[in-house]
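These notes are about the structure you will find just below.
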Amino acid sequence: MTFWINKIAWGKLVLSAVIFTVISYVIHLIEAMLTIKYYMMPQYFGLWSKLMMPVAGPPPAAFTITSIIFAFVTGISVGLIYYYLRDHLPPVGFKRVFYFADILVATTFLFFTLPSYLMFNVPVAILVSWFISAFIILTAGSWVLVKIVK
């Protein structure tokens, strides 16, 4: 059942993960700049991790480095999922991109956005912003994977 692992072109996977990391970093920076007021509201300080906001103010360098590493690991993981599913996706370019992105975005919505709204005191505007940035990152990442891995 692990026959798909033999088809992995690791160089292409790492390249796509690096590009995914850059896309993710840029989109998250834009998203953070657009929603900075929520991160600075005292009533939400308790929500943010000590890595992200050990004190009031901008995140330290350790947070940036950790988020870049996490984005790279996410890029590798999304690439592995793509390898696993690619034989079941449409064979044509944009249709393949959007089918794969739809799977990822739907999974994000079901297993992150909805439970976060239900369980945590996160402003709805932040959840919407996170969902939109995830949608953009996952769609762009899907396009990168389809173009590089094929």
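Assorted remarks:
- The simple spin-label model puts a point 7 Å past each Cα toward its Cβ; for Met119 and Ala56 those points are separated by 3.0 nm.
- Nearest 10 degrees, 0 to 90: helix 124-149 Cα axis against the chain principal axis: 20 degrees
- Unit charges at the beta carbon, dipole of the chain: most positive-side option, Ala101, Tyr84, Thr21: Tyr84
- Each residue, Ile69 and Met40, gets one label point 7 Å from its Cα in the Cβ direction; the gap between the two is 3.0 nm.
- With Cα atoms, 0 to 90° folded angle of helix 10-34 axis to the chain main axis: 30 degrees
- Around the Cα centre of region 6-150, unit charges on the Cβ atoms of Lys, Arg, Asp and Glu (plus for the first two, minus for the last two) sum to a dipole of about 360 debye.
- Those chymotrypsin sites (Phe, Trp or Tyr not before Pro) in region 73-150 that DSSP places in a loop and that have at most 13 other beta carbons within 10 Å: Phe120
- With a cut-off of 13 Å between beta carbons, the residues surrounding Trp4 carry a summed charge of +1, where Lys and Arg count +1 and Asp and Glu -1.
Values in this text are rule-based calculations from the coordinates and carry no lab data. Here the structure is a predicted model, which means the values were calculated and not measured. Neighbour counts run over all protein chains shown; Cβ positions are idealised from the backbone, glycine included.
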